[in-house]
Amino acid sequence: MDVTFSVNGERVRLDVEPRHTLADTLREDCGLTGTHLGCEHGVCGACTILVDGEPVRACLMFAVQADGSSITTVEGLAGEDGQLHPLQEAFVAHHGLQCGFCTPGMLLSALHLLDTDPDPGRTKIREEMSGNICRCTGYQGIVDAVDAAAAALRAEEPGDLGS
Amino acid sequence: MKCAPFDYVRAATVDDVVTALADADGDGKILAGGQSLVPILALRMARPAVLVDVNRIPGLGGVRPDGAGDGAAVHVGALTRHSALAAQSHHPLLAEAARWIGHTAIRSRGTAGGSIAHADPSAELPVVAVGTGAVVTVSGPGRNRSVSADELFAGALMTSLGEDEMIIGIRFPVPQRWGFAEFARRHGDFALVTAVVAEIGGTVRIALGGVGSVPVRAAAGEQVLATGGTAAEAAAAASAELRPTADMHGSAPFRQAIAAEMIRRALAQARIDR
Ligand SMILES: Cc1cc2nc3c(=O)[nH]c(=O)nc-3n(C[C@H](O)[C@H](O)[C@H](O)COP(=O)(O)OP(=O)(O)OC[C@H]3O[C@@H](n4cnc5c(N)ncnc54)[C@H](O)[C@@H]3O)c2cc1C
Ligand code: FES
Ligand code: FES
């Protein structure tokens, strides 16, 4: 079945089997392996991406359902010149990752959080990030990183975070 | 962890859905938010031949007031996402309940119709439906019908819906006073026990989720309140009446104790705390 969507600003046209999830299609057909698959049933959050600006479990959506949408994956965070997004910088600086498996999902969840609330505070950060599981860091570094990124982004461009 | 093959039908109208389901002859499933169905398919606990995607049917999402005064209610379209339900202000009890469903990425896809149709005994919206006396509008071959929440829930993950029927909306009465309390192991987990208190037309209704295969009204607790008893007495009576099943998440007496406490909290939130 034919689908057309845009991934990180680039138009993609594919012929996919209906049973292929958006996560599999991004990884296998688009070569974007930054979207990770942990549990493949919605629990771990590793596959979280943005579809039309909303956070979505890419393992719980079929690629055919994304026809006409605009998708953001972790590959879309850094600038054209390879400059890391402030969230990515903060994850590096604050030990927000260790093995990195959960990181793409963490980053996209955090991006949506900061898009909707530039100043969430640690309690809300914990609450909003609770849908993403990390086996390595113990979460403290992740909360620190999101908190620091929020401050950095507020200082950078008040009112508009971009994405 | 990959779904078995299926035929994909993208419905443009409710009629398309009913026709596609009838054509599938019992082997078709509606795909709404996919937040319960896709895990089931991935785990191969089901392998329907046809999936009918209802996400692009126009006009099925959104919450609008329906009736005023004592008969105040809201109509919730089947495709209303949990995130939209949490954000609306026409029905504060529904908004509060929706905030307890899973996580942000689940709420941005999951739908009210899907949650009611899935009939998970621990899910929030079915308890609100029973607690407020909601009525579900269902479309089937050649007819629409209305079914009360009580009659809809038939067992754990079971409803009285036909194989070729689709929920198109739910009418939730708006309570004058309400309370919502839930106990879950971790934030975003399915509830161990959910208590909903809703005062509608002068009558206080208490509904519980997670204590049986379907949401239940706590008749003994309601009776205590109707005859002038205190909130503590009502909570004790409601909990004494329960026969919860034990599982790895909690023993029967533990669930009973938690239920009493959740009822007490919901009554206090509703300011029915004499
Ligand atoms: C990690 C995780 C955590 C979750 N936590 C919670 C939680 O805490 N509380 C909670 O309540 N839920 C939770 N959920 C489930 C979520 O709320 C689902 O959105 C909901 O149960 C089903 O809605 P859906 O729109 O996704 O339906 P789908 O998954 O698309 O469908 C579910 C079932 O309903 C049927 N169906 C869907 N729409 C209709 C309709 N309009 N008419 C007739 N049949 C229909 C489908 O055929 C299917 O059988 C969680 C899910 C995940 C993955
Ligand atoms: S892989 Fe999608 S949530 Fe775990
Ligand atoms: S860094 Fe290893 S799972 Fe989170």
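The values are calculated or read from the model by the stated rules, or taken from the named source; none is laboratory data. For clarity, every value in this text was computed on a predicted model and none was experimentally measured. Heavy atoms of the whole protein, side chains included, go into the accessibility calculation; ligands, DNA and RNA do not. Shrake-Rupley method; radii C 1.70, N 1.55, O 1.52, S 1.80 Å.
Data overview
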read-out: Degrees between helix B:231-240 axis and first principal axis of chain B (Cα, 0 to 90, nearest 10); value: 60
read-out: Calculated Rg and Dmax of segment B:181-263 using C-alpha coordinates, Å; value: 12.5, 39
read-out: GNM result for chain B, Cα springs below 10 Å: residue of B:231, B:219, B:260 fluctuating most strongly; value: B:219
read-out: List of segment B:1-39 residues, accessible area with partners at least 10 Å² below that of the chain alone (1.4 Å probe); value: B:1, B:2, B:3, B:5, B:6, B:8, B:10, B:31, B:35, B:38, B:39
read-out: Semi-axes of the equivalent ellipsoid for segment B:159-209, Cα gyration tensor, largest first, Å; value: 24, 21, 9
read-out: Estimated translational D of chain B in µm²/s (Stokes, Kirkwood radius over Cα pairs; 20 °C; 1.002 mPa s); value: 113
read-out: Convex hull volume per residue for segment A:2-76, taking Cα atoms only, in Å³; value: 72
read-out: Whole-number D in µm²/s for segment B:94-139 (Stokes-Einstein; Kirkwood sum over Cα pairs; 4 °C, 1.567 mPa s); value: 117
read-out: Estimated buried accessible area (total), pair A and B, 1.4 Å, Å² to nearest 100; value: 2300
read-out: Segment B:63-173: Rg to Rh, with Rh as the Kirkwood radius over Cα pairs; value: 0.94
read-out: Crossing angle, helix A:103-116 versus chain A [Cα axis fit, 0-90 degrees, rounded to tens]; value: 70
read-out: Residue B:249 accessible area, assembled protein chains, probe 1.4 Å, Å²; value: 80
read-out: Percent breakdown of C-alpha pair distances by 10 Å bin, ordered from the shortest bin, for segment A:86-163; value: 21, 59, 18, 1
read-out: Calculated diffusion of chain A, Stokes-Einstein form, Kirkwood radius summed over Cα pairs, 25 °C and 0.890 mPa s, µm²/s; value: 154
read-out: Bins of 5 Å from zero: percent of alpha-carbon pairs in segment B:1-147; value: 2, 9, 17, 22, 20, 16, 9, 4, 1, 0, 0
read-out: 1.4 Å probe, heavy atoms, protein only - residues of segment A:49-92 losing at least 40 Å² accessible area vs chain alone; value: A:55, A:57, A:60, A:62, A:65, A:67
read-out: Cα-based Kirkwood hydrodynamic radius, the protein assembly as shown, one decimal, Å; value: 22.8
